[in-house]
Amino acid sequence: MVTHQGWVHAFAFGRALRSLSLAGLAASFLPIATALAESTRSKWEEVDTEHMFGFTEGSEIGEKGETELMSESTGRFGRTGGSYKQMTNLFEAKYTLADRFRVSAAATLAYYDISGMTGLDDRRQALVQSISFNARYRVLDHQNAPFALTLSVEPRRSFVEDTSGAQADGIGTQFAALADRELVADRLFGAFNLSYELERTRLHGGPDISREATFGMGAGLTTLTVHGFFVGVEARYLRQYEGFPPNNFVGQAFYVGPTFYAKLGEHALISAAWNTQAWGSAPGGSGALDLVHFDRQQVRLRLAVSF
């Protein structure tokens, strides 16, 4: 897709995206977020759980008529072989059409820094990675059920292959069930996710088409600190297959790590998470990790404002 690449370079997205991602993933934001959270801390009747749990998501979709703008930076680091770094920035606009239904649209920009990797071309390049749409329907809420539950479907159109950054045509869809519960009033919250993602990709310059399916489970706990922000821990399990239907197992990974969430006034928030692959395996692999199909480290930072 030369037009996309040319447009990106024309506006110098490479330098801007790399700087934005590195800044967004830096740990220096924590003292600033803490100070803002303390200065605006107040008792709220209901906490927005959607972004509280890191990579794991809560069930909240906002009130009818609410709009949310979100920037989400994700860093993925470490694979078998040489040096692998991928940094993405997702920009998403969300609108709650009804009490139980929300839609959103997003565009994702990516920067790849790859060198010395077996099977992957060396690459230092910024690209438009994908566009996506999302619809969420809240089946259960906290007031009328033991836990809240939201169903999500997200179709995506990709312009590059996710891992290598090579130009490609891709179509995928992720289905997810997002549940959460207030375990201790105004203090301790828990969430659980199930996901199933299908993706079909054809690299430019060749007829071959790859088909992948990924199952995922995630769980998170977070608690309110005396400083007015939330800290927690999450764990995720991912299992990948080739083909539709999924009939050829290729790898699995288990991630664990800390999370952070703070409200920045009444209508804004910040959240962050760091996950490390604690265990993984692939057919024929000899190590205790799967660094062929999954990353060693994953870091995420979200900033959102609603009105």
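The values are calculated or read from the model by the stated rules, or taken from the named source; none is laboratory data. What you are looking at is a predicted structure, and each value in this text was computed from that prediction instead of being measured. Note that each Cβ is placed from the backbone with ideal geometry, even for glycine, and that neighbours are counted across all protein chains shown. These accessible areas exclude ligands, DNA and RNA; they are computed on the full protein's heavy atoms, side chains included. Shrake-Rupley method; radii C 1.70, N 1.55, O 1.52, S 1.80 Å.
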Check: Does SER28 fit the bill of being farther than 30 Å from ARG181 by Cβ, modelled with pLDDT of 95 or more and more than 19 Å from the chain's Cα centre (by Cα)?
Finding: no
Check: Within the set of pairs 6+ apart or on separate chains, which have a first residue in the stretch 60-81 that is more than 12 Å from ARG302 (Cα to Cα) and among the aliphatic types (A, V, I, L, M), a second that is open to solvent by 20 Å² or more (accessible area, probe 1.4 Å) and outside any loop (DSSP other than H, G, I, E, B), and C-beta atoms under 8 Å apart?
Finding: ILE61/PHE101; ILE61/ARG138
Next item on the list: For the stretch 129-147, indicate whether the set of residues that are touching a residue at least 40 places away in the same chain (Cβ under 8 Å) and either hydroxyl-bearing (Ser, Thr, Tyr) or farther than 28 Å from PHE229 by Cβ (or both) is non-empty.
Entry: yes
Note to self: Can you find, within the stretch 135-168, the residue that is nearest to VAL292 (Cα to Cα) among those that are surrounded by fewer than 18 Cβ atoms within 10 Å (Cβ to Cβ) and charged (D, E, K, R)?
What the structure shows: ARG157
Next item on the list: Among the candidates ASP180, ASP186, single out the residue that is in contact (Cβ under 8 Å) with a residue 12 or more places away in the chain and part of a loop (DSSP other than H, G, I, E, B).
Entry: ASP186
Next item on the list: Return the total of residues in the stretch 265-299 being aliphatic (A, V, I, L, M), open to solvent by less than 50 Å² (accessible area, probe 1.4 Å) and under 18 Å from GLY232 (Cβ atoms).
Entry: 5
